[in-house]
Protein chains: 2
Amino acid sequence: MAINKFCSICGAVTERIVPEGDERYRAVCTSCHTIHYENPKLVVGCLVTRNESILLCRRAIEPQKGKWTLPAGYLENHETAVQGALRETTEESGAEVSIPTPYRLFDLPHISQLYLLFRAQLLACPFRPTRESLEVRLFHPKNIPWDALAFRVIAKTLEQYVHDAAKGEFSFEHHVISRN
Amino acid sequence: MAINKFCSICGAVTERIVPEGDERYRAVCTSCHTIHYENPKLVVGCLVTRNESILLCRRAIEPQKGKWTLPAGYLENHETAVQGALRETTEESGAEVSIPTPYRLFDLPHISQLYLLFRAQLLACPFRPTRESLEVRLFHPKNIPWDALAFRVIAKTLEQYVHDAAKGEFSFEHHVISRN
């Protein structure tokens, strides 16, 4: 997360004060008085399946290098959430997938992130290792590497997906994952 | 949206280049080489109802001062989406409401925003004008001021809500609102 010690508009030093009419400390420029707001970031990704199996990527980069994850990453400016989820899926797994449907939204307030994860089906196009993934594989729910998952939000999503898949019901849900 | 002309970490000038392994132009510091990513912002708010009527706020501040809107605003760091939606509702309308349930997610890629709107019921506590709202009122669906709504995303949400309310079905949906 960027620490706004200097003003990104004019380069002067900022100070952390509560601006008039506000209730929070903000980095405010001591020269041009621009208020630099800091807001949560949205991570978008796909839970891609073929038949019963789920596509996981083994991370080639830190953090959690070597651990398994769902393809996901920060939404970019001027991109829709679906475009971002598809881009991340292709970047991390090479996979091409069906039109995604919203599946889970998780708040991670301790790190000021939200995860929006879509469900999608794998199309014929083959998946493969990428610059971001050492390995890309389909896992049957019985073989998910629970002890080698990269992030708690990924473990939660997979747990809930396996539960939903057993019932055949995949409605959208919104949950909070707190630090502990 | 902040234009990162200067590095917020060290104050040096940035240049817009495509960093190695990236595919997008980023503001990169010419001195400490920090990459300054710019990402979409999430707006959270509530569609508050009492019986059939919907709570709207008349904006006391620009943009769209004097126009009607749902209480909503930027999610803050270290806040959950529900906490943010409740905070904005109280700040803009004084209303206290029931636990919100997710209703609509809208992508607005042309302005790099997403709107996450919850449904909630008005509790006994009275609503009132606030620093941010000239007027706060309950509108029966037949009396919604369609010609005086602040933003297209608000008009879309109200249109869809009136449609859903007629059927008595309020499932979560995700849509894109593009510029035109």
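The values are calculated or read from the model by the stated rules, or taken from the named source; none is laboratory data. Source: prediction; values computed, not measured. Every residue, glycine among them, receives a Cβ derived from its backbone with ideal geometry; neighbour counts consider all protein chains shown. Note: accessible area is taken over every heavy atom of the protein model, side chains too, but ligands, DNA and RNA are not part of it. Shrake-Rupley method; radii C 1.70, N 1.55, O 1.52, S 1.80 Å.
What to note about this one:
- Number of partner chain Cβ atoms within 10 Å, mean per residue of A:166-178: 2
- Long-range Cα-Cα pairs in chain B (distance over 24 Å), rounded percent: 44 percent
- For region A:45-108, the list of trypsin sites (Lys or Arg not before Pro) that fall in a loop by DSSP and count at most 15 other C-beta atoms within 10 angstrom reads A:K65.
- A:I35-B:I99 pseudo-label distance in nm [points 7 Å out on the Cα-to-Cβ vector]: 3.2 nm
- 3J(HN,Hα) along region B:47-63, derived from phi through the Karplus expression 6.51 cos²θ - 1.76 cosθ + 1.60 where θ = phi - 60°, amounts to 9, 9, 10, 10, 6, 8, 8, 10, 7, 10, 10, 9, 5, 9, 9, 6, x Hz, with x in place of Gly and Pro.
- Per residue accessible area of chain B, 1.4 Å probe, in Å²: 49 Å²
- For the protein assembly as shown, the mean projected area of the C-alpha convex hull, equal to one quarter of the hull surface, is 19.7 nm².
- For A:T34, the solvent-accessible surface computed with a 1.4 Å probe is close to 40 Å², ligands and nucleic acids excluded.
- Accessible surface of chain A [probe 1.4 Å, protein heavy atoms]: carbon and sulfur percent: 52 percent
- Longest site-free stretch - chain A; sites: GluC sites (Glu not before Pro), DSSP loop, at most 14 other Cβ within 10 Å: A:53-168
- Pairs from A:K156/B:K167; B:K5/B:K156; A:K5/B:K156; A:K41/B:K67; A:K41/A:K65; A:K156/B:K65 whose Cα-Cα separation, in the structure shown, is over 32 Å: A:K156/B:K167; B:K5/B:K156; A:K5/B:K156; A:K156/B:K65
- Available extension along the chain between B:V18 and B:R179 is 55.3 nm, counting 0.36 nm per residue and deducting the alpha carbon span.
- Theoretical gain in end-to-end length, A:Q121 to A:E52 [0.36 nm per residue, Cα-Cα removed]: 23.8 nm
- Ellipticity at 222 nm from helices only: DSSP H runs of n ≥ 4 in chain B, each -39500 (n - 2.57), divided by the residue count, give -5000 deg cm²/dmol.
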